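*Asks:* Provided herewith is a single structure, encoded as structure tokens, for subsequent inquiry.
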Amino acid sequence: MTTGSAGPAPSLPVPVTRYQVVRRLTHAAAHSDAQLIAEAAALAEGWAVLADLMGGVVCSTPDTAGPEGVRAAAHPQLYPHLTIRKMAGAVLVVGPGTAPPASRIDLIARTSVDLLRMRARVRREEDTRHAEQRLHTAVLHLLLSGQSHLATDVLGTAATHATVFRLAGQLVPAAYQAHWRAAEPSVSPKARHMLVCMEGNELVVVALHGLDHDRHRARPFVARIADRHQLAGGVSDPLPLDMVATAWAEAGNARRGATSGCLASATFLGSHGLLRVVPADRLALWSAAILKTLNREQHRTLEAYLRSGSAQAAAAVLDVSEGTVRARLSWVGTVLAAELGNPTVQAQLLLALRAPAPSQRVSTSARLVPDPPLPTDLLDPGDAHHWASTLLRPLDRPLRIALRCWLQHRGRTAPAASELGLSRSTLTDWLSKCGRALSLDLSSTTVRAELHLAAETIATPEDTPARLPRRGGRTYRGQQP
């Protein structure tokens, strides 16, 4: 008689080492609490339940073990055969099978509790991180909407100015996650802050500081981000907190001209900028002497007017009526004994407003005069002429005349074209050529102010619209001389 095979003999359980227990539990904890509990039940060859202190089941393997686990968590003295471990806010209950030794069950319970605590701590840190990221974004929106007082109250900062950095590129999300923690808000009222936010497809860094050398500290940090992640970034001029919207626009304009891995300044003037050409201490003392008679409200009104270009735009920035702005400006002109309608005086004032704070108190005062365009307190005539001629060297005479006239009209094309005898489209084309030749963004108020001072410094009696060389044809609307 032939008998059938009884099949393979059942395999004996493979012993599990302490290392394997910890390794398997750690691997499961990397996925979820539920998978960790399931692994604990498998290693115990029984069941495991994680219950909260309110008597509810958080996770259970198998599901039918949930009620018994809850009862054991509530009355551990009634279940001496179970392994019960309490932790913050929850209780772990392990029901072992018959095979595993007590030492392994104890290791499973202790390791599982440690891993659950670690996961809870990670979740709390993630919640805190997300809350802080939302705080950064909320403060940025407050600043962009002109609510600077609310923004400073939220952060508890004494900062008065901001510099905006806007960066774009494929690795913006990675750069944001890697670097935002370097700018966590501090609880110190006198601390300097950086806001790091994702706004659309851009990484935005807003450095909050006073009008002093602290404004330069954020740039190396942002430059490293741009270089490491190959982002193209634009940097605004330092502006008062209630003008962050203007700084935002400046940084956006600058970013469009930047290359990957680099930061481009809103002024693009680089080493030709007056803040680099004029010694810092000399510029600071001159600025303080000019502006020392202004109070905070007058200072803010003047800067808003010069930055925005009109009383109407300044009124929107300051959230007051246009009539109020004009009345304040009239009083500022009286206090400074200056003609605020003069474009050279305006350029000098904007330079004074951009200057760093002096290291010592200034007791003297100074007056603004349009001649010479660049005050001798800053540069002697020879150095001023060298700076201006170097800056404007790429322009031929017709372009220099057209640019000078346009700057005298504070960047308004229609009246400048009329005085030059050009069509507006022709003047617009010429100005585009000027911008390309100088590698400058002529929409920047700062750029226009420094170009105006340069053009007036090297101007001769021949550099007037009447002396503009005529080429005939339809280029000019006036009669040829």
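*Asks:* Specify the residue that is nearest to Leu453 (Cα to Cα); the eligible residues are those in the stretch 399-434 that are part of a helix (DSSP H, G or I) and of a type in the set (S, T, N, Q).
*Replies:* If we take residues in the stretch 399-434 being part of a helix (DSSP H, G or I) and of a type in the set (S, T, N, Q), then Gln408 is nearest to Leu453 (Cα to Cα).
*Asks:* Okay, next question. Provide a single number: the residues in the stretch 366-398 that are part of a helix (DSSP H, G or I) and buried (at least 19 other Cβ atoms within 10 Å of the Cβ).
*Replies:* Total satisfying the criteria: 5.
*Asks:* Read through the list (1) in contact with an Asp or Glu (Cβ under 9 Å, 6 or more places away or on another chain); (2) over 23 Å from Arg24 (Cα atoms); (3) without any contact (Cβ under 8 Å) to a residue 40 or more places away in the chain, then give the number of the only condition that Ala88 fails.
*Replies:* It is condition (1) that Ala88 fails.
*Asks:* Quick check: is even one residue across the stretch 320-334 under 30 Å from the mean Cα position of the chain (by Cα) and in a helix (DSSP H, G or I)?
*Replies:* yes
*Asks:* Hey, another quick one. Please note which helices (runs of 4 or more DSSP H) are completely contained in the stretch 235-301 and include at least 3 residues that are open to solvent by 10 Å² or more (accessible area, probe 1.4 Å), within 30 Å of Gly323 (Cα to Cα) and in contact with a strand residue (DSSP E or B) (Cβ under 8 Å, 6 or more places away or on another chain).
*Replies:* Result: 244-256.
*Asks:* Quick check on my filter: what residues within the stretch 332-386 are modelled with pLDDT of 85 or more, of a type in the set (Ser, Thr, Tyr) and under 18 Å from Ala284 (Cβ atoms)?
*Replies:* Of everything in the stretch 332-386, just one residue is modelled with pLDDT of 85 or more, of a type in the set (Ser, Thr, Tyr) and under 18 Å from Ala284 (Cβ atoms), namely Thr376.
*Asks:* Moving on to the next point. Just name the residue that is least open to solvent (accessible area, probe 1.4 Å) out of those in the stretch 32-65 that are among the hydroxyl-bearing types (Ser, Thr, Tyr) and under 15 Å from Ala109 (Cα atoms).
*Replies:* Ser60
*Asks:* What pairs come up if the first residue lies in the stretch 40-57 and is on the phi < 0 side of the Ramachandran plot and touching a residue at least 24 places away in the same chain (Cβ under 8 Å), the second is part of a loop (DSSP other than H, G, I, E, B) and of a type in the set (Gly, Ala, Ser), and their beta carbons are under 9 Å apart, counting only those six or more places apart or on different chains?
*Replies:* Filtered contacts from the stretch 40-57: Ala44/Gly97; Gly46/Gly97; Trp47/Gly97; Asp52/Gly89; Leu53/Gly89.
*Asks:* Taking only pairs six or more apart or across chains, which ones have beta-carbon atoms under 7 Å, a first residue in the stretch 173-187 that is modelled with pLDDT of 75 or more, and a second residue that is part of a helix (DSSP H, G or I) and surrounded by 13 or more Cβ atoms within 10 Å (Cβ to Cβ)?
*Replies:* As it stands, the answer is Ala174/His229; Ala175/Ile225; Ala175/His229; His179/Ile225, since those pairs meet every condition given.
*Asks:* If you check Arg328, Arg307, Arg282, which single one turns out to be under 30 Å from Leu391 (Cα atoms), charged (D, E, K, R) and in contact with an Asp or Glu (Cβ under 8 Å, 6 or more places away or on another chain)?
*Replies:* Testing whether each residue is under 30 Å from Leu391 (Cα atoms), charged (D, E, K, R) and in contact with an Asp or Glu (Cβ under 8 Å, 6 or more places away or on another chain) leaves just Arg282.
*Asks:* Tell me which residues, restricted to the stretch 221-253, are aromatic (Phe, Trp, Tyr) and closer than 17 Å to Ala313 by Cβ.
*Replies:* Trp248
The values are calculated or read from the model by the stated rules, or taken from the named source; none is laboratory data. The model shown is predicted, which means the values in this text are computed figures rather than measured ones. So basically every Cβ, Gly included, is an ideal-geometry build from the backbone, and we count neighbours across all protein chains shown. Surface accessibility is based on the protein's heavy atoms, side chains included, excluding ligands, DNA and RNA. Shrake-Rupley method; radii C 1.70, N 1.55, O 1.52, S 1.80 Å.
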